Structure formats: structure tokens, C-alpha cells
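Taking it in order: structure first as C-alpha cells, then the write-up.
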């Protein structure tokens, strides 16, 4: 006797597929409307994370998994993002501290092929 797997309604997949098209449209509109600076990059990252979240949750079936499995899979990338954020915050401090203590660099960088 073969065991039957869990079957999800196809309507869920179709709705997420349409939603991904809508979010992609807004993502392309960021370039079309020529947003600049932090607004542009914030919108691009938000739309990217929204699309990735839908794909992981529905198409990779993460929505129907146990909490322990979700934490085991999603925990390390979240921890890495937090550490990257902390490093970017610290980078400004380190550069400012270096400039305050040592001033601007006087080292001339040589380009290869030019003597």
C-alpha cells in the first residue's frame, strides 16, 4: 500500500505566481521611473526579499514545514545578514577613526603597465 503525500491546492501556486509577476512589475518600475540613491536601492532590496520570501514559502514548501526545520534553514542566513549590517555600521566608525588619527593616505597607487 503506497502512502499518499500532502496535496496543496493549485490555486495557491497560481495566486503566488501572479503575485510574483505583480511584484516584478513594481521592481521594473523602479528602473523605469528612474528612482535614485537610497530610495532606489531600498525598493530594489524590498522587492527582492518579498519575491524570495514567496518563493521559499510556497514553491519550496517552507510554509508547511515544522518550526524547528524553518529555524534550522532560515536562521543562518538571517544571522549572516545581521552580522553584515553590524559590519557596515562599524565600517564608518573605523574609517572615521583612521582619518581622525592618521589623516588622509599619502600612498600613491600604481596602475599596472604605467611606470
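Values in this text are rule-based calculations from the coordinates and carry no lab data. This structure is a prediction, so every number in the text was calculated from the model and none was measured.
Things worth noting here:
- GNM flexibility winner over the chain from 36, 95, 65 (Cα, springs under 10 Å): 95
- Every helix of 4 or more DSSP H residues in the chain counts as -39500 (n - 2.57), and over all residues that averages to -24000 deg cm²/dmol at 222 nm.
- Crossing angle, helix 37-54 versus the chain [Cα axis fit, 0-90 degrees, rounded to tens]: 30 degrees
- Principal-axis tilt of helix 67-102 within the chain, Cα atoms, nearest 10 degrees: 10 degrees
- Acute angle (nearest 10 degrees) that the helix 10-32 long axis makes with the longest principal axis of the chain, alpha-carbon atoms: 20 degrees
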